[in-house]
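Peer 1: After the structure tokens below, expect a handful of questions from me.
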Amino acid sequence: MYFRTLALALAFAGCAVIPALGQTETTTSVDVLKAEGLLDEGKSQDALDLLNRALAAHPQDARALADRGDAYEYLGRRQEAIADYTAAIAVNPQYAYAYASRCESRYELNADGPALDDCNRAIQLNPHSAYAYRERALVELDTETDDSAQSALQDAEESIELDGGNSFGYVVKCHAEERLQRNADAVSDCTAALNMGNSGDDPYFYRGIAEIHEQSWAMADADFTAALAREQDESGAYYWRALARYHLARNGDALADVGSYVSASPDDGDGYLLRARIQLALGSTADAQASANSALDHYRVANDEDGIAQAQAFLQQLSAPVPTH
């Protein structure tokens, strides 16, 4: 979300209040500005309490509604966030920030079509919103095509042009670049985000994938380890670290990592096939055969022809009969 400046929480004077950074709305309540300061400090529940009080007195305060949406978003209550952003838009249909914020919440809930519509509308209303460009780029990346990755890269570049001090713009640009396998650029931009103080797992994660593409296994291992230190529930990082460690012949560690990935993503054939390769490297042929058969089953359910071919080739390598069901 687009954080507002705490200094503006001190700007209240009378009834008309200066809008906070990213906002175009005014408010009639000092509680709204206090809540924005609390959101900046990460005190989302305290902010929510103040915003509930403000909205009880002024239920048509669009800015308070959008702020409460932010509080719900920070608390992971995204359906409630969407309801408040929608209510803010009903009060003011020209409220670009509310559209961009609803875009983010919808993206987080995998509602990419409505999210894209919201970000498009936000940019139409405010073509200078770096936040909206960043969020649209993320939605575009979710569609997983080269054309969408190129569009995402353009949006990320526009967000940096508008707000070069926001490290997340560089993270999104890095993500788009690794998808396009512009790996050196991806490494450079994720490194720039880290140098700017980004403390999340994303710059390590996407830099690690770019390093995987470059077969820089040791650097990828280190980056996925750093990503997991910041977000241990990032299951994809276990898969990629397992792949890096497999190529580093650290197969015991790789097997533990791919086990974590399969537990978190039990329907992904890629996890089972990687586990089969690691088990074979460890000399466990029977286990490798069982994992490869599981991979084949999941690829068939997903109608993944490339995955099916890979699993079948691996089983043939083991001289094992390929199931026909």
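Peer 1: From 260, 294, 319, 265, which residue is out of contact with any helix residue (DSSP H, G or I) (no Cβ under 9 Å at 6 or more places or on another chain) and of a type in the set (S, T, N, Q)?
Peer 2: 319
Peer 1: Would you point out the residue of region 193-225, among those that are charged (D, E, K, R) and closer than 16 Å to residue 177 by Cβ, that is nearest to the chain's Cα centre (by Cα)? Reasoning before the result, please.
Peer 2: Quick first cut of region 193-225, residues charged (D, E, K, R) only: 201-202, 207, 211, 214, 221, 223.
Narrowing the set further to residues that are closer than 16 Å to residue 177 by Cβ leaves 202, 207, 211, 214, 223.
Working: 202: 8, 207: 14, 211: 19, 214: 23, 223: 17 Å.
So the residue we want is 202.
Peer 1: More than 27 Å from residue 92 (Cβ to Cβ), modelled with pLDDT of 95 or more and out of contact with any helix residue (DSSP H, G or I) (no Cβ under 7 Å at 6 or more places or on another chain): is that true of residue 124 in this structure?
Peer 2: When the stated conditions are applied, residue 124 does not pass them.
Peer 1: Evaluate region 125-136: report whether one residue or more is part of a helix (DSSP H, G or I) and over 27 Å from residue 208 (Cα atoms).
Peer 2: Taking every residue of region 125-136 in turn, at least one turns out to be part of a helix (DSSP H, G or I) and over 27 Å from residue 208 (Cα atoms).
Peer 1: Looking at region 300-319, I want the residues that are assigned by TED's automatic domain parsing to the domain that holds residue 280 and have a partner that is of a type in the set (Lys, Arg) and in a helix (DSSP H, G or I) with Cβ atoms under 7 Å, at least 6 apart or on another chain. Which pairs are those?
Peer 2: Note: pairs meeting the criteria are 308/300.
Peer 1: Within region 280-287, identify whether any single residue is at pLDDT 95 or above, crowded, with 21+ Cβ neighbours inside 10 Å and of a type in the set (A, V, I, L, M, F, W, C), and answer yes or no. Outline the logic, then answer.
Peer 2: Taking region 280-287 as the starting set, the residues that turn out to be at pLDDT 95 or above are 280-287.
From what's left, crowded, with 21+ Cβ neighbours inside 10 Å: none.
Among the residues of region 280-287, not one is at pLDDT 95 or above, crowded, with 21+ Cβ neighbours inside 10 Å and of a type in the set (A, V, I, L, M, F, W, C), which makes the answer no.
Peer 1: Being more than 18 Å from the chain's Cα centre (by Cα) and either farther than 25 Å from residue 283 by Cα or of a type in the set (Val, Ile, Thr) (or both) is the filter here; which residues of region 226-260 pass it?
Peer 2: If the condition is that a residue be more than 18 Å from the chain's Cα centre (by Cα) and either farther than 25 Å from residue 283 by Cα or of a type in the set (Val, Ile, Thr) (or both), then 258 is the only one that fits.
Peer 1: Taking region 297-314 on its own, how many of its residues are aliphatic (A, V, I, L, M) and surrounded by 23 or more Cβ atoms within 10 Å (Cβ to Cβ)?
Peer 2: Looking only at that region, the number is 1.
Peer 1: Answer yes or no: is there a residue in region 141-160 that is without any contact (Cβ under 8 Å) to a residue 40 or more places away in the chain, more than 22 Å from residue 113 (Cα to Cα) and not in a helix (DSSP H, G or I).
Peer 2: No, that holds for no residue.
Peer 1: Now for a different question. Quick one: residue 93 ticks every box in (1) in a helix (DSSP H, G or I); (2) at pLDDT 95 or above bar one, so which box is it?
Peer 2: Exception for residue 93: condition (1).
Peer 1: Any residue at all in region 262-285 that's farther than 24 Å from residue 316 by Cα, of a type in the set (Lys, Arg) and part of a helix (DSSP H, G or I)?
Peer 2: no
Peer 1: Separate question: Return a yes/no flag: does region 102-110 have any residue that is modelled with pLDDT of 95 or more, closer than 23 Å to residue 40 by Cβ and touching a Ser or Thr at 6+ places or on another chain (Cβ under 9 Å).
Peer 2: yes
Peer 1: Looking only at region 195-212, count every residue that is crowded, with 17+ Cβ neighbours inside 10 Å and either more than 20 Å from residue 138 (Cα to Cα) or without any contact (Cβ under 8 Å) to a residue 24 or more places away in the chain (or both) and tell me the total.
Peer 2: Summing the residues that are crowded, with 17+ Cβ neighbours inside 10 Å and either more than 20 Å from residue 138 (Cα to Cα) or without any contact (Cβ under 8 Å) to a residue 24 or more places away in the chain (or both) in region 195-212 gives 2.
Peer 1: Does residue 136 fit the bill of being farther than 16 Å from residue 78 by Cα and buried (at least 24 other Cβ atoms within 10 Å of the Cβ)?
Peer 2: Judged against the criteria, residue 136 is a match.
Peer 1: Got a sec? Which of 223, 268 is without any contact (Cβ under 8 Å) to a residue 24 or more places away in the chain and under 26 Å from residue 207 (Cβ atoms)?
Peer 2: Going through 223, 268 in turn, just one is without any contact (Cβ under 8 Å) to a residue 24 or more places away in the chain and under 26 Å from residue 207 (Cβ atoms): 223.
Peer 1: Working only within region 46-67, note down all residues that are without any contact (Cβ under 8 Å) to a residue 24 or more places away in the chain and in a helix (DSSP H, G or I).
Peer 2: Of the residues in region 46-67, the ones without any contact (Cβ under 8 Å) to a residue 24 or more places away in the chain are 46, 49-53, 55-56, 59.
Those that are without any contact (Cβ under 8 Å) to a residue 24 or more places away in the chain and in a helix (DSSP H, G or I): 46, 49, 50, 51, 52, 53, 55, 56.
The values are calculated or read from the model by the stated rules, or taken from the named source; none is laboratory data. Everything numeric here is computed off the predicted structure, so don't read it as measured data. Neighbour counts run over all protein chains shown; Cβ positions are idealised from the backbone, glycine included.
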